[in-house]
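The values are calculated or read from the model by the stated rules, or taken from the named source; none is laboratory data. As the structure is a computational prediction, the values presented were derived from the model and not from experiment. As a convention, Cβ positions derive from the backbone with ideal geometry for all residues, glycine included, and neighbour counts pool all protein chains shown. With ligands, DNA and RNA removed, areas are computed over all heavy atoms of the protein, side chains included. Shrake-Rupley method; radii C 1.70, N 1.55, O 1.52, S 1.80 Å.
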Amino acid sequence: MIVFLYPFMIVLLLLPFLVRYLLPAVRGIYGDALRVPFVKDFAQIETMQKKGADLSSSPTKSGGVFWFLFIVWSLLVLAAMRPQQIGEPIRLKNDSRDILMVLDISTSMLETDFSYQGKRLDRLTAVKAVVADFIRKRPADRMGLILFGTRAYLQVPLTFDKSSLDEVLWSMEAGMAGNSTSIGDALGLALKSLQQEKNTADKQNKIIVLLTDGESNDGSLSLPQAIELAEKEGVKVYTIGVGSGSFSLANAFFGIKNSPLDEESLKTLAEKTKGRYFRADDLKGLVNVYQAIDQLEPENREQNFVYPRQELYYWPLLAAFVLASMMAYAYRRRRA
């Protein structure tokens with residue numbers, strides 16, 4: 001798209017007509033002439049005609065000179081209007097949040113104590129659906145994903161690419177990171193990942209959302225040590241405990257062991273980092289948890305963009321110079 005920085009300069013196009021029709025003509029030995037200083041060299045038109053020059057179609061005739069010079073003048077006015085080409089908008093970094101989701105995918109997440117429309121759901125499927133909706137509602141935030149079981153893995157670094165994040169989220173399976181639960185290692189990895197990010201200097205804009213259905217029973221970093229690190233870093237941590245905690249005969253038959261949920265540690269982690277602890281016993285409760293987090297951390301929806309501009313004034317300026325040079329050259333050749 002092309003815009004003009006000074007569009008009001010277009011009124012200067014009327015100036016030659018005002019000069020031509022309002023100012024009196026100068027009479028002299030060469031006949032009537034327009035009182036325009038920079039075309040005084042064209043006053044010898046009749047002299048050239050006496051030399052036999054055929055000027056019937058030449059731009060140096062009285063009317064031809066005016067319109068030719070008007071074209072040059074129009075190009076100069078166009079250059080003065082400062083035409084600019086506007087490029088595609090470039091998004092500037094704003095006060096968006098960095099949200100790192102830390103999800104438990106140990107085998108205990110296969111517990112089918114959630115339900116939807118009368119059908120039983122395992123915890124992990126419910127978490128996928130709710131977290132995917134949470135991601136979709138926050139397009140202005142950078143989000144990342146850490147999955148943990150026996151080991152913790154950074155699956156998606158902080159990114160604006162929500163489609164890739166959603167793809168990884170739906171492809172995760174319970175047990176792919178091990179059967180036990182190392183909450184301390186997962187939290188430590190999350191803190192390290194946020195610390196390495198330089199795009200967001202304000203720690204208030206860095207958030208961890210940690211979801212688990214058990215207690216920390218594995219890993220090299222204990223949960224109390226991880227809580228101490230999180231408190232020192234000053235990163236807000238929201239903790240979510242999922243599952244009804246009820247005994248399931250089916251899970252006992254398939255050998256799925258449920259470790260008790262360590263709510264006290266999760267509450268302590270949230271309190272010391274100025275976050276909040278949530279309990280989700282069912283699908284509706286899990287939806288309400290992420291809605292509450294969404295309200296506690298409102299998204300900055302102000303769109304900050306910069307539009308690159310490319311100056312184009314030199315093109316009409318160059319064209320005016322070329323036309324004026326050609327006219328001057330043609331006139332001098334006829335005089336020779």
The lone condition N251 fails out of (1) at pLDDT 90 or above; (2) in contact with a Lys or Arg (Cβ under 9 Å, 6 or more places away or on another chain); (3) surrounded by 15 or more Cβ atoms within 10 Å (Cβ to Cβ); (4) assigned to a helix (DSSP H, G or I) is (1)
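Here is a yes/no grid of residues against (1) closer than 17 Å to E263 by Cα; (2) at pLDDT 90 or above; (3) more than 24 Å from the chain's Cα centre (by Cα); (4) buried (at least 18 other Cβ atoms within 10 Å of the Cβ):
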{"site": "L158", "(1), (2), (3), (4)": "no, yes, no, yes"}
{"site": "V168", "(1), (2), (3), (4)": "no, yes, no, no"}
{"site": "I183", "(1), (2), (3), (4)": "yes, yes, yes, yes"}
{"site": "L191", "(1), (2), (3), (4)": "no, yes, yes, yes"}
{"site": "Q195", "(1), (2), (3), (4)": "no, no, no, no"}
{"site": "N199", "(1), (2), (3), (4)": "no, no, no, no"}
{"site": "V209", "(1), (2), (3), (4)": "yes, yes, no, yes"}
{"site": "N217", "(1), (2), (3), (4)": "yes, no, yes, no"}
Matching residues in segment 94-126 (surrounded by fewer than 18 Cβ atoms within 10 Å (Cβ to Cβ), within 22 Å of I207 (Cβ to Cβ) and among the polar types (S, T, N, Q)) number 1
Of A140, A129, A174, the only residue that is closer than 22 Å to S106 by Cα, open to solvent by less than 40 Å² (accessible area, probe 1.4 Å) and either more than 19 Å from the chain's Cα centre (by Cα) or touching a residue at least 40 places away in the same chain (Cβ under 8 Å) (or both) is A174
Filtering segment 111-156 down to residues that are modelled with pLDDT of 90 or more, assigned to a strand (DSSP E or B) and of a type in the set (F, W, Y) yields F148, Y153
The lone condition V306 fails out of (1) surrounded by 13 or more Cβ atoms within 10 Å (Cβ to Cβ); (2) of a type in the set (V, I, T); (3) at pLDDT below 85 is (1)
